[in-house]
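Asker: Got a structure here, written out as structure tokens. Questions coming.
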Amino acid sequence: MVALIGLIIGLIIGLLWNFDIPAAYSSYVAVGILAALDSVIGALTANLQNKFNFRLFITGFIGNSAIAVALTALGDQLDLNLSLAAIFAFGNRIFVNFSIIRRLMLERYDKRRSRSKLPVDDELDG
């Protein structure tokens, strides 16, 4: 829940604060944001599975973002588009985590729905 609130607050601040990113840094920022988004969605998935670990989230958030930016910088030095590797990896994980979130939410919805349709004990005796 904390991750979702942080994401919403961050989106609001980002939309209200007009900040221009120089074109030279746009690929670094884009890959860093994608890595951060992957960490947030992974944290949401872990929270729904009751496996959330704050230390794991923070280290993954910082570590994944740093590796993605470093990979992009290395690609720029070698004149290769290595940022595509990070984009593919994080994009794939985002879609996998979203499918897990969707499945967990549908299972919870089905459980609540089936509980609300159970007959009351008095009606069974009746």
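Asker: Restricting attention to segment 51-83, which residues are surrounded by 14 or more Cβ atoms within 10 Å (Cβ to Cβ), of a type outside the set (S, T, Y), more than 14 Å from the chain's Cα centre (by Cα) and in a helix (DSSP H, G or I)?
Answerer: I67, A68, V69, A70, L71, A73, G75, D76
Asker: Here is a further query. Select from segment 10-50 the residues that are loosely packed, with under 10 Cβ neighbours inside 10 Å and assigned to a loop (DSSP other than H, G, I, E, B) and list them in ascending order. Even if it seems obvious, please write down each step before you answer.
Answerer: Here is the first cut: in segment 10-50, the ones loosely packed, with under 10 Cβ neighbours inside 10 Å are 15-20, 22-24, 50.
W17, N18, F19, D20, P22, N50 - these are the residues of segment 10-50 that are loosely packed, with under 10 Cβ neighbours inside 10 Å and assigned to a loop (DSSP other than H, G, I, E, B).
Asker: Right, something else. Name the residue, out of A3, A24, A43, A35, that is at pLDDT below 90 and within 21 Å of I101 (Cα to Cα). Let's see the steps before the verdict.
Answerer: Numbers: A24 fails: within 21 Å of I101 (Cα to Cα); A43 fails: at pLDDT below 90; A35 fails: at pLDDT below 90.
Result: A3 is the single residue among A3, A24, A43, A35 that is at pLDDT below 90 and within 21 Å of I101 (Cα to Cα).
The values are calculated or read from the model by the stated rules, or taken from the named source; none is laboratory data. Since the structure is predicted, the reported quantities are computational estimates derived from the model, not experimental observations. Heads up, the Cβs are rebuilt from the backbone with ideal geometry, glycines too, and the neighbour counts pull from every protein chain shown.
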